[in-house]
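The values are calculated or read from the model by the stated rules, or taken from the named source; none is laboratory data. These figures come from a predicted structure and were not determined experimentally. Here the Cβ positions follow ideal geometry from the backbone for every residue, glycine too, while neighbour counts run over all protein chains shown. For the accessible areas, the whole protein counts, side chains as well, though only heavy atoms, and no ligand, DNA or RNA atoms are used. Shrake-Rupley method; radii C 1.70, N 1.55, O 1.52, S 1.80 Å.
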Amino acid sequence: MSKGINLPSMICFRVTRFCNARCGFCLAPPDGGVHPAVAVLRERINWLFANDVKTIHFCGGEPTIHHQLHELIEYVHAQHRKSKLTTNGIALSDRLVRALFTTKTQVKVSLHGPKAHHNEVVGCDAFDKTVANIRRLMAAGISTSMQTTIVSGELAVVDWTVQFCIDNGIKRVSFLPFIPRGNGLAQRSKYELSGSERRNLQELVKQKRRKLLNRMDIRLNDFNIRPIHVVEPDGSIVLEKATEAMDELLCRIPQSPSFI
Ligand SMILES: C[S@@+](CC[C@H](N)C(=O)[O-])C[C@H]1O[C@@H](n2cnc3c(N)ncnc32)[C@H](O)[C@@H]1O
Ligand code: SF4
């Protein structure tokens with residue numbers, strides 16, 4: 001196994017870029033690329049573990065589109081490492097829910113506000129399915145939090161989301177200000193927050209955090225500020241920044257000749 005690259009203890013692992021939604025702002029939209037076999041993904045996970053990664057954060061595209069996601073999650077657990085999952089929550093199979101429970105995987109579900117707004121931004125009639133699946137995960141005893149992308153003109157979504165969390169017993173929420181990546185680049189004029197909206201959002205989140213201190217963990221995760229390490233479905237490791245033009249290709253995970 002090769003060494004020599006410094007990776008964070010947790011890495012975003014894209015099992016596919018395919019998706020069952022069509023978010024106008026999607027930072028990682030379908031790219032016509034590969035949908036790798038589970039054996040290839042397992043080999044990449046081994047390589048990441050050999051390079052000191054401790055937690056695999058399954059994301060995409062929509063990771064639940066990969067029919068063997070549950071096997072990968074169980075594999076990570078069998079290696080005594082942790083997994084996390086971010087999903088749009090539209091379609092969660094029973095075997096996936098079972099694997100999430102037995103492996104104590106932490107799940108973030110993306111819900112972007114009230115029904116009409118959510119369905120408009122995700123480009124399909126997803127709200128009821130996602131809400132039903134959030135309640136299903138909570139009822140199954142799976143550690144479930146919410147993730148909400150905030151777009152221009154929609155700061156009221158913060159209040160709505162926090163209330164939704166209170167009503168549904170959800171203890172953690174992350175707000176992501178829109179960033180102009182992927183599909184989002186062409187939608188910049190529609191979705192990008194102005195400077196004053198950005199400041200208002202920071203203030204609003206601060207106020208909520210103060211008000212709900214010890215009752216809810218409320219975060220603002222601004223990818224404009226904090227770059228993240230991502231494994232793409234083709235096995236490349238990229239340091240993703242605010243725009244694709246600023247990204248850095250760090251390396252490609254070596255692949256056994258039998259998989260090429
Ligand atoms: C790329 S998605 C992948 C996982 C899954 N498909 C989902 O939507 O949860 C990961 C997170 O990024 C958020 N996101 C996507 N595009 C974004 C953008 N342009 N700006 C900020 N957040 C974005 C999504 O809402 C989601 O919470
Ligand atoms: S943000 Fe997630 S759900 Fe929306 S299109 Fe992108 S991958 Fe799919």
Amide H of Ile150: which non-local residues (sequence gap of 5 or more, or other chain) have their own amide H closer than 5 Å, using H built in the peptide plane?
-> Leu176, Phe178
In the neighborhood of Lys129, defined by Cβ-to-Cβ distances under 12 Å, what is the net charge if each Lys or Arg adds +1 and each Asp or Glu adds -1?
-> +1
Taking the chain as a Gaussian network, where each spring joins two C-alpha atoms under 10 Å apart, which residue of Pro30, Pro177, Pro114 fluctuates the most?
-> Pro114
What is the chain's relative contact order, in percent, from Cα pairs under 8 angstrom and six or more apart in sequence?
-> 20 percent
Between the stretch 206-251 and the stretch 100-149, the Cα center-to-center distance that results, in Å = 19 Å
Stokes-Einstein, Kirkwood over Cα pairs, the stretch 10-259, 25 °C, 0.890 mPa s; D in µm²/s equals 132 µm²/s
So what is the calculated 222 nm ellipticity per residue for the chain, using -39500 (n - 2.57) for each DSSP H run with n of 4 or more, over all residues, to the nearest 500 deg cm²/dmol?
-> -10000 deg cm²/dmol
Give the percent of DSSP beta bridges with both residues in the chain that are antiparallel, rounded to the nearest 5.
-> 20 percent
In the structure displayed, which of Lys108/Lys171; Lys84/Lys104; Lys115/Lys241; Lys82/Lys241; Lys171/Lys211; Lys54/Lys104 lie more than 20 Å apart, Cα to Cα?
-> Lys115/Lys241; Lys82/Lys241
Grab the alpha carbons of the stretch 89-162, take their convex hull, and tell me the volume per residue in Å³.
-> 81 Å³
Please turn the phi angles of the stretch 44-59 into ³J(HN,Hα) values with the Karplus equation 6.51 cos²θ - 1.76 cosθ + 1.60 (θ = phi - 60°), one per residue in order, whole Hz, x for glycine and proline.
-> 5, 4, 4, 5, 5, 4, 5, 10, 6, 6, 10, 10, 9, 9, 6, 8
If each Cα of the stretch 13-119 is one equal point scatterer, what is log10 of I(q)/I(0) from the Debye formula at q = 0.12, 0.13 Å⁻¹?
-> -0.41, -0.47
On the accessible surface of the chain, probed at 1.4 Å with all protein chains in place, carbon and sulfur together account for a percent value of 53 percent
